[in-house]
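Below: the structure, in structure tokens.
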Amino acid sequence: MKKSSRILAVVLSLMMVFSCAVPGFASYDPKNAGSVTDKAHSATSFEKSFWNATDKLMDVIVKSICAFIPDQKTWGKNADDYSSDGFMPGDDEFLSEPADGARWSLGYSEASILEGQDVLDGNHYVGGTLTLNKKVATEVYDDLKVRTVALNDNSGRGSAVFAVIDGFGISNTDVRAIRQELESFSKENNVKSINISVLHQHSAVDTLGLNGNVLEEVVKNPWKNLFGKNSVSGRNDEYMRNLYDKTEQTIKEAVTGEKNGKLYYGKIDMSEFMTDKRDPQVLDNYFERFRFVPSDGSKETWFTTSCVHLVGNGAAGTVITGDYAYYMEQAVNEKYNANFALVLGAEQATTQDKSTLDTENLSRLESVKVYGEALADRLNAISNEKELSPVLNIRSEQIKFNISNCILLFAGKEGLINHQIVKTGFNKYQEVSELGYMELGDDVAVFLAPGETTGETYYGGACPASKSWSGKDWNYAPLETKVEGGRDVIVFGLENDMVGYIIPDNDYMPILYPNNKSLEVVSLGKTACSEMVKGYEQLLKNAYASKK
């Protein structure tokens with residue numbers, strides 16, 4: 001998000017005042033181990049006091065207005081008033097060694113989600129920077145897809161599915177709806193876990209809802225909700241129905257097309273292609289790749305991670321593009337004859353660095369192609385692979401995040417996002433989400449994280465008291481230290497929910513503070529990170545207790 005996010009926060013606050021009357025390896029290079037040199041972390045006591053005061057004032061104003069806006073009809077009326085329909089817990093028991101006759105099998109499928117859709121009809125918006133102007137799509141530069149991998153250790157416990165969508169965001173409400181529509185298929189085909197994420201392109205069709213006609217929606221939606229009509233947002237209903245259909249299609253094809261083979265894991269440094277916009281500097285500097293080689297000699301599948309935002313065409317444009325993932329896939333397909341799927345890692349404020357590439361005389365869109373091709377070549381250079389033993393353990397648990405960010409609460413009240421919200425008291429709410437944890441063989445542990453998380457949560461290097469905004473320490477051990485067995489720890493981010501930025505509590509800055517890189521404006525609030533870490537600690541405890 002750019003500076004316009006902060007401007008939007010101010011404008012919304014003022015606008016609402018008037019409208020309320022109307023209702024292994026090291027996971028990161030030590031050189032990045034938490035260094036802090038930016039201006040945001042050298043603010044004076046006076047500056048902090050001033051911006052903290054503006055935050056409190058905005059919080060009082062916006063939340064007072066929220067108290068008069070009717071809750072969405074889909075919201076729970078109390079903390080326990082929500083449905084678990086569509087939640088998939090995964091394995092009851094974790095295995096410590098391969099089952100008799102175990103072997104890897106993998107299925108792959110992809111589909112265009114633009115095919116057959118008229119996204120230039122004036123009713124499709126482009127995700128990215130929050131603005132008061134309608135970000136109507138004006139051009140399609142390349143395709144948007146859903147890419148799906150189904151993986152099975154043939155222990156009899158079933159397949160785990162990972163579908164990755166070219167889109168700005170997707171809520172847990174959507175994920176559970178897709179799972180429910182696949183319920184019969186999952187039972188018939190022994191699917192134990194379906195996980196859906198987005199690549200968070202800031203140049204893809206808005207699948208979250210925040211980039212529509214915000215001014216009109218803010219005024220009309222409370223009335224619509226009051227009289228039992230559906231709120232409107234930046235999401236296009238026809239597009240979302242097609243996205244559901246294509247995602248479900250690829251899941252079915254991947255599961256039914258599973259082939260036996262071997263699974264390899266490796267990683268390679270890619271730090272020259274990335275930069276962190278906000279301190280502390282803690283990056284997963286690696287491409288991680290799971291390479292599946294079918295026994296029948298057919299095409300390999302590369303299932304990869306990157307923690308670099310897909311913002312090669314900027315965040316404020318109206319041209320639709322799949323960004324660097326599209327060109328990575330082209331190169332992997334054509335040069336290395338492999339299927340390709342990418343999932344984002346702990347990419348909170350990590351963005352692209354093309355300084356080592358020859359892009360000086362190219363447009364932004366042209367430079368994205370060069371960048372994607374370079375990343376594909378770097379992926380192909382992985383030479384340190386390990387063959388993984390056929391053990392796939394996966395477990396998910398539900399979590400409820402407290403919503404303390406007044407702007408995000410207002411967006412939810414106004415129906416601009418469709419997340420599952422429950423009420424915990426007068427004008428107090430929580431968002432229902434989920435966390436996941438997976439083990440592959442003896443070597444790899446994967447945290448399935450909702451939203452955009454930060455590297456220090458998993459790998460260490462969080463701001464100390466002397467540098468953090470709050471002047472306090474982050475009193476939680478890195479999550480990689482909680483993982484047993486000396487496994488490499490990686491992150492699948494934006495998994496099964498888009499809950500915004502998850503920022504360590506001690507370094508949560510005021511929304512309007514000019515040097516915060518606009519993270520807090522789209523965060524659930526200042527306790528989301530500690531709530532997530534506690535949830536993961538309990539999830540790990542339960543998973544290990546089940547291991548046999």
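Considering only residues in region 128-171 that are among the acidic types (D, E) and more than 19 Å from T250 (Cβ to Cβ), the one that is modelled with the highest pLDDT turns out to be D153.
So which residues in region 164-207 are part of a strand (DSSP E or B) and open to solvent by less than 10 Å² (accessible area, probe 1.4 Å), if there are any at all? Across region 164-207, the qualifying residues are V164, I165, S193, I194, N195, I196, S197, V198, V205.
So, in region 77-92, exactly how many residues are farther than 19 Å from L408 by Cα and either among the β-branched types (V, I, T) or surrounded by 14 or more Cβ atoms within 10 Å (Cβ to Cβ) (or both)? The number of residues fulfilling the criteria is 7.
Only a single item in (1) at negative phi; (2) buried (at least 24 other Cβ atoms within 10 Å of the Cβ) is not met by G500, and it is number (1). When E253, E258, E238 are screened for being closer than 17 Å to A177 by Cα, modelled with pLDDT of 95 or more and of a type outside the set (K, R), only E238 passes.
Within region 474-495, the presence of at least one residue that is open to solvent by less than 10 Å² (accessible area, probe 1.4 Å), touching a Pro at 6+ places or on another chain (Cβ under 9 Å), modelled with pLDDT of 95 or more and more than 30 Å from A99 (Cα to Cα) is confirmed.
Could you check region 214-250 and list, in sequence order, the residues that are hydrophobic (A, V, I, L, M, F, W, C) and either open to solvent by less than 60 Å² (accessible area, probe 1.4 Å) or within 24 Å of A204 (Cβ to Cβ) (or both)? Once the filter is applied, which keeps residues that are hydrophobic (A, V, I, L, M, F, W, C) and either open to solvent by less than 60 Å² (accessible area, probe 1.4 Å) or within 24 Å of A204 (Cβ to Cβ) (or both), region 214-250 yields V214, L215, V218, V232, M240, L243. Do any residues in region 189-215 that are over 10 Å from I170 (Cα atoms) have Cβ atoms under 7 Å from those of residues that are in a strand (DSSP E or B) and among the aromatic types (F, W, Y), where the two are at least six apart or on different chains, and which pairs are they? From region 189-215, the pairs are N195/F162; N211/Y125; G212/Y125.
Conditions (1) within 30 Å of F292 (Cβ to Cβ); (2) in a loop (DSSP other than H, G, I, E, B), marked per residue:
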| residue | (1), (2) |
| --- | --- |
| T131 | no, yes |
| T148 | yes, no |
| G156 | yes, yes |
| A160 | yes, no |
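When you look at G441, is it over 22 Å from the mean Cα position of the chain (by Cα), surrounded by fewer than 24 Cβ atoms within 10 Å (Cβ to Cβ) and of a type outside the set (D, E), yes or no? It is true that G441 is over 22 Å from the mean Cα position of the chain (by Cα), surrounded by fewer than 24 Cβ atoms within 10 Å (Cβ to Cβ) and of a type outside the set (D, E). Considering only region 477-514, state which residues are within 14 Å of P450 (Cα to Cα) and either part of a loop (DSSP other than H, G, I, E, B) or of a type in the set (G, A, S) (or both). G493, L494, N496, D497, M498, V499, G500, I502, I503, listed by residue number. For region 49-76, filtered to residues that are of a type in the set (D, E, K, R) and not in a loop (DSSP other than H, G, I, E, B), the residue that is most open to solvent (accessible area, probe 1.4 Å) is K56.
Restricted to region 343-379, and to residues there that are within 19 Å of D142 (Cα to Cα) and of a type in the set (D, E), the residue that is farthest from the chain's Cα centre (by Cα) is E366. Considering only region 88-99, I want to know if a residue exists there that is among the aromatic types (F, W, Y), under 27 Å from S433 (Cβ atoms) and modelled with pLDDT of 90 or more. Yes. Could you tell me which residue of region 117-135 is surrounded by the most Cβ atoms within 10 Å (Cβ to Cβ), considering only residues that are over 23 Å from the mean Cα position of the chain (by Cα) and of a type outside the set (D, E, K, R)? Only one residue tops the list, namely V119. Please work out if S186 is in contact with a Gly (Cβ under 9 Å, 6 or more places away or on another chain) and either acidic (D, E) or within 30 Å of L408 (Cα to Cα) (or both). No: the conditions fail for S186. Taking region 316-354 as the range and being part of a helix (DSSP H, G or I) and open to solvent by less than 30 Å² (accessible area, probe 1.4 Å) as the test, the residues that pass are Y324, A325, Y327, M328, E329, A331, V332. Just one of (1) among the aliphatic types (A, V, I, L, M); (2) touching a Ser or Thr at 6+ places or on another chain (Cβ under 9 Å); (3) at pLDDT 95 or above fails for L416. It is (3). Among the candidates K220, K262, K224, K252, which residue alone is touching a Phe, Trp or Tyr at 6+ places or on another chain (Cβ under 8 Å) and over 23 Å from E495 (Cα atoms)? Selected residue: K262, the only one of K220, K262, K224, K252 that is touching a Phe, Trp or Tyr at 6+ places or on another chain (Cβ under 8 Å) and over 23 Å from E495 (Cα atoms). Looking at K526, K517, K467, just one residue is within 28 Å of L342 (Cβ to Cβ), open to solvent by 40 Å² or more (accessible area, probe 1.4 Å) and either assigned to a loop (DSSP other than H, G, I, E, B) or not acidic (D, E) (or both), and that residue is K517.
Scan region 208-220 for residues that are under 27 Å from the mean Cα position of the chain (by Cα) and not in a loop (DSSP other than H, G, I, E, B) and the total you get is 4. A single member of E272, E347 is closer than 30 Å to E456 by Cβ, in contact with a Cys (Cβ under 8 Å, 6 or more places away or on another chain) and among the acidic types (D, E), and it is E347.
The values are calculated or read from the model by the stated rules, or taken from the named source; none is laboratory data. As the structure is a computational prediction, the values presented were derived from the model and not from experiment. Heads up, the Cβs are rebuilt from the backbone with ideal geometry, glycines too, and the neighbour counts pull from every protein chain shown. Accessible surface is based on the protein model in full, side chains and every heavy atom, while ligands, DNA and RNA are left aside. Shrake-Rupley method; radii C 1.70, N 1.55, O 1.52, S 1.80 Å.
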